[in-house]
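Contents: one structure, followed by commentary.
What follows is calculated from the coordinates using simple rules that are stated; it is not laboratory data. No experiment lies behind these values; they were computed from the predicted model shown. Glycine also receives a Cβ, built like all others from the backbone with ideal geometry; neighbour counts cover every protein chain displayed.
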Amino acid sequence: MAKSLSSLLSKGPVVAKGVVDFATPRFNLFLKYARVELVPPTPADIPQIRSGIQKLLTGFRTGKWKEASVKEAWLNSLVTAEVVLWFFIGECIGKRSIVGYHV
Amino acid sequence: MADLPAPLRVSPLIRFGRWSFLAAGIAWGAIRHRSLSKKENALREIEAKQKPIRDAKLAAEKKRLAKEELDYLARQAGAPPEP
């Protein structure tokens, strides 16, 4: 057992290098997409955000949402559901547990 | 894996919504965890104080029931029950 443990420990750096070599191009690919899609909004985007919210509210008030096609409505629902999902992910992070509050 | 589409320019409103909901969720989780922990700690203290009293009551009840059972068996066997 001591021999297998020592051989495992000696393989440690090799395994680590293998993991890094495997992960680096994939991580760079992830960064390539994340830099465009996941970046938090900058203050320069505030007018766009404001106009977007206004458009949503007026659209809701005028009843335009009733005239959207089923495909559009389905896509909008998916996007809304995804945005709301982030609240629950944040809650899991804040309570430091997946399922319940461990008091 | 070679011909993935170009990155999509997500609207700032959606990005703002995602990040703000994430931050709100983290804050909400932390706040609720703190409030629930406080309540649970208070309850635990009260229970710890009550524990000796409650244990004594349960032990007395157990003793009483055991004695009743033994008395019943004694009466069944014809012998008088112990005081």
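Identify the single condition in (1) surrounded by fewer than 11 Cβ atoms within 10 Å (Cβ to Cβ); (2) within 14 Å of the chain's Cα centre (by Cα) that A:Gly90 does not satisfy, given that it satisfies every other one.
Only one criterion is unmet by A:Gly90, namely (1).
Which ones in the range A:48-103 are within 12 Å of another protein chain (Cβ to nearest Cβ), outside any loop (DSSP other than H, G, I, E, B), among the small types (Gly, Ala, Ser) and farther than 19 Å from B:Ala24 by Cβ?
Across the range A:48-103, the qualifying residue is only A:Ser51.
Any residue that is of a type outside the set (Val, Ile, Thr) and facing another protein chain (nearest Cβ under 7 Å) - is there at least one of those in the range B:37-56?
Yes - at least one qualifying residue is present in the range B:37-56.
Just the residues that are surrounded by fewer than 18 Cβ atoms within 10 Å (Cβ to Cβ) and facing chain A (nearest Cβ under 7 Å), please, taken from the range B:19-31. Steps first, answer last, please.
Step one: list which residues in the range B:19-31 are surrounded by fewer than 18 Cβ atoms within 10 Å (Cβ to Cβ), which gives B:19-20, B:23-24, B:27-28, B:30-31.
Those that are surrounded by fewer than 18 Cβ atoms within 10 Å (Cβ to Cβ) and facing chain A (nearest Cβ under 7 Å): B:Trp19, B:Ala23, B:Ala24, B:Ala27, B:Trp28, B:Ala30.
Do we have any residue at all in the range A:19-28 that's surrounded by 12 or more Cβ atoms within 10 Å (Cβ to Cβ) and either at the interface with chain B (Cβ under 9 Å from one of its Cβ atoms) or in contact with an Asp or Glu (Cβ under 9 Å, 6 or more places away or on another chain) (or both)? Show your work before the answer.
Going residue by residue through the range A:19-28, those that are surrounded by 12 or more Cβ atoms within 10 Å (Cβ to Cβ) are A:27.
Within this subset, residues satisfying the condition of being either at the interface with chain B (Cβ under 9 Å from one of its Cβ atoms) or in contact with an Asp or Glu (Cβ under 9 Å, 6 or more places away or on another chain) (or both) are none.
The answer is no, given that none of the residues of the range A:19-28 is surrounded by 12 or more Cβ atoms within 10 Å (Cβ to Cβ) and either at the interface with chain B (Cβ under 9 Å from one of its Cβ atoms) or in contact with an Asp or Glu (Cβ under 9 Å, 6 or more places away or on another chain) (or both).
In the range B:33-56, is there at least one residue being surrounded by 10 or more Cβ atoms within 10 Å (Cβ to Cβ), free of Cβ contacts under 8 Å to residues at least 12 places away in the same chain and in contact with a Gly (Cβ under 8 Å, 6 or more places away or on another chain)?
Yes - at least one qualifying residue is present in the range B:33-56.
Out of (1) in contact with a Gly (Cβ under 7 Å, 6 or more places away or on another chain); (2) under 24 Å from B:Leu8 (Cβ atoms); (3) of a type in the set (Asp, Glu), what's the single condition that is false for A:Glu91?
A:Glu91 satisfies every listed condition except (2).
Considering only residues that are surrounded by 13 or more Cβ atoms within 10 Å (Cβ to Cβ) and outside any helix (DSSP H, G or I), look in the range B:1-18 and name the one that is farthest from the other protein chains (Cβ to nearest Cβ).
Only one residue fits best here, namely B:Ser11.
Looking at (1) within 27 Å of B:Pro5 (Cβ to Cβ); (2) surrounded by 10 or more Cβ atoms within 10 Å (Cβ to Cβ), which is the only condition A:Trp65 fails?
Failed condition: (1).
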